[in-house]
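Scroll down for the structure; my scribbles are underneath it.
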Amino acid sequence: MTTPDLVDRFIDGVYRLTLNRPRRLNALSDDMLDALHDRITAVPADAIAIVIHGEGRAFCSGHDLKDAADAGPLDTVSARAVAERMQRVATAMRDCRVPIITQVHGYAIGGGAEIALSGDIVIAAQDTRFQFTEASVGRVVTNGFTNLLPRTVGPVRAKQLFLLGRPMSAEEALHWGLLTEVHPLDALDEAVEQIIGELREKSSWALGAAKSLVNRGLQASFESSLEFEIGAAIEAELGPDAAKGASEFADK
């Protein structure tokens with residue numbers, strides 16, 4: 001189902017979600033966030049990948065501050081609902097069994113940067129600028145990024161990004177381990193298709209298991225991760241994909 005703020009298409013196993021407010025640089029409206037959550041949690045059973053990208057000249061400029069201003073002052077309950085609406089999307093992306101590719105170009109600001117960098121595979125154009133502007137507008141970083149970003153770039157760099165709000169280039173984000181690949185803008189579609197082609201060659205069950213194990217491992221002890229892996233390994237051996245994969249490998 002397509003809504004004005006989010007266009008979805010399911011073609012040949014790929015579920016494409018297009019942020020579709022180009023005149024607002026795809027600023028996040030309530031309707032867009034709700035639709036994004038609902039689409040991710042209802043991904044088709046035979047999907048091999050989800051691709052999230054933005055229409056127009058930006059990926060996403062973050063929470064729509066015009067909508068926030070029009071809404072006026074919030075009470076505690078309403079303010080909590082606003083934050084939880086964003087974080088429902090982050091949780092859906094983390095928990096989704098299907099690999100999520102974020103295809104990023106132009107601007108990825110605030111909540112838009114958080115969604116972009118929450119992809120399992122993040123493919124960015126060379127022109128992309130990431131920026132956490134929350135402190136400049138009297139807000140705070142959400143979507144679990146105060147937990148996740150320091151684990152990737154270290155607490156010093158995370159505080160630099162959050163406190164100073166300086167723009168971060170795609171090349172810098174790649175160097176800091178936040179991106180999978182960087183390409184010229186006119187080669188971005190081809191790069192994403194290459195990734196999708198590689199995913200098609202893999203067991204969809206194994207992809208989902210690997211994603212889940214990494215995400216659970218981030219919050220677990222080493223010993224717990226070993227137990228998670230044993231459980232997944234047993235499930236794999238009892239399933240059809242392992243035997244099929246071994247047979248195909250032996251035939252090479």
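Of note:
- Farthest toward positive dipole pole in the range 1-104 [+1 Lys/Arg, -1 Asp/Glu at C-beta], among P99, P44, S78: P99
- When the alpha carbon gyration tensor of the range 64-113 is reduced to an equivalent ellipsoid, its three semi-axes come out at 26, 17, 6 angstrom, largest first.
- Positive minus negative residues near R9 (Lys, Arg vs Asp, Glu; Cβ under 11 Å): 0
- Normalised by 2.2 N^0.38 Å, where N is the number of residues, the C-alpha radius of gyration of the chain stands at 1.05.
- Neighbour-count ranking [beta-carbon atoms within 10 angstrom, fewest first] of I196, I40, I52: I196, I40, I52
- Estimated translational D of the range 1-133 in µm²/s (Stokes, Kirkwood radius over Cα pairs; 20 °C; 1.002 mPa s): 145
- Each residue of the range 43-50 was assigned a 3J(HN,Hα) from its phi angle through the Karplus expression (A = 6.51, B = -1.76, C = 1.60, θ = phi - 60°), giving 4, x, 4, 9, 6, 9, 6, 10 Hz with x at Gly and Pro.
- Karplus-derived 3J(HN,Hα), 6.51/-1.76/1.60, for each residue of the range 184-199, Hz, glycine and proline x: x, 4, 6, 10, 5, 4, 4, 5, 5, 4, 4, 4, 4, x, 5, 5
- Shown is the FRET efficiency for H175 and N147, computed with R0 = 22 Å from the Cβ-Cβ distance and rounded to the nearest 0.05: 0.50.
- For the chain, lysine pairs separated by 8 or more sequence positions, or belonging to different chains, with Cα-Cα distances below 17 Å total 4.
- Close amide H partners of A27, meaning residues 5 or more places away or on another chain with modelled amide H under 5 Å apart, are S61.
- ³J(HN,Hα), Karplus 6.51/-1.76/1.60, whole Hz, each residue of the range 208-218, x for Gly, Pro: x, 5, 4, 4, 5, 5, 5, 5, 5, x, 4
- The modelled label-to-label distance between S225 and D186, using points 7 Å beyond Cα along the C-beta direction, is 4.3 nm.
- Here D46, D120, D12, D30 are placed in order of increasing Cβ neighbour count within 10 Å, fewest first, which gives D12, D46, D30, D120.
- The slack in the chain from R157 to Q194, taken as 0.36 nm per residue of separation less the alpha-carbon distance, amounts to 10.2 nm.
Quick note: the coordinates plus some simple rules give every number you see, no bench work behind them. Treat the numbers as computed from the prediction; the structure is a model and nothing was measured. Using ideal geometry, Cβ is built from the backbone for each residue, glycine included, and neighbour counts are taken over all protein chains shown.
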